[in-house]
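Following: one structure in structure tokens, then a few remarks.
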Amino acid sequence: MWDADYEKLNVNSYKFDTDIAQSYILIMKQIVYTREAGKSLDRMQPKRKAAILTKLEEYARGEPVDIKKMAGMEYFRIRVGGDRVIIDDQGRVIMVINAGPRGGIYKE
């Protein structure tokens, strides 16, 4: 089914390579948002929200991002300009714990 679907796709007269398309789908991690993270993102300005979502997708694809392990916790933080995103990387799933401005994101 996958091969047939991808062979039908034709964008700007370039045919997709089914092997590349299938391996790309398998490499990307799934991103899941907690309720708190979803509310934080919904309250953000559209540009800030788009920058955070783009950075999360880059990380899910395996691209390099500014990420550090948080001291004393099992979570990681991703820096996106003046904002921070707290995530729990569970292998194939990235759980977004919270997102927001640098100053207040670490307070519980």
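Under a Cβ-only charge scheme (Lys and Arg +1, Asp and Glu -1), can you give me the dipole magnitude of the range 29-101 about the Cα centre, in debye to the nearest 20?
For this selection, approximately 180 debye.
With the Cα gyration tensor of the range 29-101 giving a ≥ b ≥ c as the square roots of its eigenvalues, does the rule (a/c under 1.5 for rounded; else a/b larger than b/c for prolate; else oblate) give rounded, prolate or oblate?
Note, shape of the range 29-101 comes out rounded.
Since every read-out is calculated from the coordinates, none of them should be taken as a lab result. Quantities reported herein were computed from a predicted structural model and do not represent experimental measurements. No Cβ is skipped: glycine too gets one built from the backbone with ideal geometry, and neighbour counts run over all protein chains shown.
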